[in-house]
Amino acid sequence: MRCLYCHNPDTWEFHSDSNSVGQMMSAEEIIRMYEGVKEFLKDGGITCTGGEPMAQLPFLTELFEKAKAQGIHTCLDTSGVTFNPENTAAVDRLMDVTDVIMLDIKHIDDEEHKKLTGHSNKNILAFARYASAKKKELWIRHVVVPGITQNEEYLHRLGVFISELRSVKALDVLPYHDMGKAKYKNLGIDYPLTDTEPLPKEEAVKARDIIMQGIRDGVSSIGKS
């Protein structure tokens, strides 16, 4: 996706010389790296984030399979955008070795999601339902952006959607920040939200309260149906 507030534009091009933060590694090398520091980790494991880790699904699955063979906890930090509900065989295999999913839901409204990210949210919401049906522990994450997602109707709708999911264990509501501006400047890319001020933390707390009310309303509605 191309989120307007993305703070990792250096991950957009898989084969670009500008992707200086990238490093080619095998699954075995990552496991060895983990083994070298595990004594310092109290309850640690391996989290794959991005960019979008499911864009490299075969490698991701191989890594998690090797991790689980060593008894290493696995966490997938994803937007779910690559999910295809019509063909889940490859993702089924990944789910077999995934302990926790941190799922970013960028916007609950499909048209607004397209404006924000360049993509529909249909596969993302389908992935959330799929993961819930698989009884995978879900941590939902949502960034509150002034003028975009800081909207009572949208926040309440997000809560109602989350109420449908049966395996949600956490909800992280994050205030928009503009710390990615320096990366855009270094890469020679215009920052789309130049005039958008960072969201105060107390506003993120208010947004979370609205989402939680949506969850309660959704649960109440399900109970009456």
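Please treat every number below as a calculation from the coordinates, not as lab data. Here the structure is a predicted model, which is why all the values come from computation and not from measurement. Using ideal geometry, Cβ is built from the backbone for each residue, glycine included, and neighbour counts are taken over all protein chains shown.
Cysteines of the chain lacking any other cysteine Cβ under 4.7 Å from their own Cβ: 48, 75. Placing a pseudo-label 7 Å from each Cα along the Cα-to-Cβ vector at residue 93 and residue 49 gives an inter-label distance of 2.7 nm.
Relative contact order, whole percent, for the chain stands at 20, derived from Cα pairs under 8 Å and 6 or more residues apart. Taking every DSSP helix (H) stretch of at least 4 residues in the chain, weighting each as -39,500 (n - 2.57) and dividing the sum by the residue count yields a mean residue ellipticity at 222 nm of -12500 deg cm²/dmol.
Computed from the C-beta positions of residue 195 and residue 110, the FRET efficiency with R₀ = 25 Å rounds to 0.50.
Estimated at 0.36 nm per residue, the fully extended path between residue 39 and residue 220 surpasses their Cα-Cα distance by 60.6 nm. The longest stretch of the chain left intact once loop-based GluC sites (Glu not before Pro) with at most 16 other Cβ atoms within 10 Å are removed from consideration, loops following DSSP, is 87-163. Over 31 Å apart at the Cα level, from the set 38/122; 114/135; 42/136, are 38/122.
Coordinate range of the alpha-carbon atoms in the chain per principal axis, descending: 48, 47, 38 Å.
The three principal axes of the Cα atoms in the range 79-139 give end-to-end lengths of 34, 24, 15 Å, sorted in falling order.
The order of the peptides 117-126, 71-80, 88-97 by mean Cβ neighbours within 10 Å, most packed first, is 71-80, 117-126, 88-97.
Roughly speaking, what % of Cα-Cα pairs in the range 102-225 are separated by over 26 Å, rounded to a whole number? Result: 24 percent of Cα pairs exceed 26 Å.
Place a point 7 Å from Cα of residue 12 in the direction of its Cβ. Which residues in the range 151-191 have their backbone N less than 15 Å from it? 180-191, by backbone N distance to the label point.
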